Amino acid sequence: TLNRIEDHIMKKIYHESFPSSPINEDITFHKITTELSDIKPDELGIKKVSVNELNVAVKCISKLDSGQSVYEKLNCIASAYNTINNTLKFSSGKDDDGGAEDLAPIFQYLIIKAKPERFYSNINYIKSYLNPDKCRGKFGFLLSQLDFAVEFITKLYEKKHKEEKPL
């Protein structure tokens, strides 16, 4: 199928198309997530969710760097998403997926806890090489959640540092 062909080609050109070392945005964002890594789920408004289950999703996000194709990287994100949804279903007793208002703080928490070293490089790689037809639906939703999470985490960091500065 077309997905397998794209996957195979991306694996072959990975070393030419993915940065060999972290870019400035990666370094800055890694610093931000490292400084925020002591955050607790309830500080982000996450309630009634098993932290142990979220640790499984953190590991999924941590594996972004190990994927060489767009789909391997997207599968890491999708696995985290599926784990989040299963955790939400279990903790709420409902059989429907969580909405953006449930997922947003959890994605923020996962990214902070994962402290990804090359998050921007991975997301840029996905966005650059993902077939535009696949940017709709689930993958598009997940990418927008990640964008929102990055923006929120950055603002949280800035707010924290603004509050720490004496007047």
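The values are calculated or read from the model by the stated rules, or taken from the named source; none is laboratory data. Predicted model only: the values in this text are computed from it and were never measured. Every residue, glycine among them, receives a Cβ derived from its backbone with ideal geometry; neighbour counts consider all protein chains shown. All accessible areas refer to the heavy atoms of the entire protein, side chains included, with ligands and DNA or RNA removed. Shrake-Rupley method; radii C 1.70, N 1.55, O 1.52, S 1.80 Å.
Structure values in brief
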{"quantity": "Qualifying residue in the range 86-105 (condition: modelled with pLDDT of 90 or more and assigned to a helix (DSSP H, G or I))", "calculated": "yes"}
{"quantity": "Condition check for residue 57: touching a Ser or Thr at 6+ places or on another chain (Cβ under 6 Å), crowded, with 17+ Cβ neighbours inside 10 Å and under 13 Å from residue 113 (Cβ atoms)", "calculated": "yes"}
{"quantity": "Filter result for the condition that a residue is buried (at least 20 other Cβ atoms within 10 Å of the Cβ) and either touching a Lys or Arg at 6+ places or on another chain (Cβ under 7 Å) or not hydrophobic (A, V, I, L, M, F, W, C) (or both), over 50, 121, 128", "calculated": "121"}
{"quantity": "Single unsatisfied condition, residue 118 versus (1) modelled with pLDDT under 90; (2) within 29 Å of residue 2 (Cβ to Cβ); (3) of a type in the set (D, E, K, R)", "calculated": "(1)"}
{"quantity": "Qualifying residue in the range 142-151 (condition: closer than 24 Å to residue 101 by Cβ and either of a type in the set (Gly, Ala, Ser) or not in a helix (DSSP H, G or I) (or both))", "calculated": "yes"}
{"quantity": "Single match in 23, 77 (criterion: in contact (Cβ under 8 Å) with a residue 40 or more places away in the chain and either more than 30 Å from residue 159 (Cα to Cα) or crowded, with 17+ Cβ neighbours inside 10 Å (or both))", "calculated": "77"}
{"quantity": "Residue that is nearest to the chain's Cα centre (by Cα) [pool: residues in the range 26-66 that are part of a loop (DSSP other than H, G, I, E, B) and among the small types (Gly, Ala, Ser)]", "calculated": "37"}
{"quantity": "Residue match in the range 88-107 (condition: among the polar types (S, T, N, Q) and open to solvent by less than 20 Å² (accessible area, probe 1.4 Å))", "calculated": "no"}
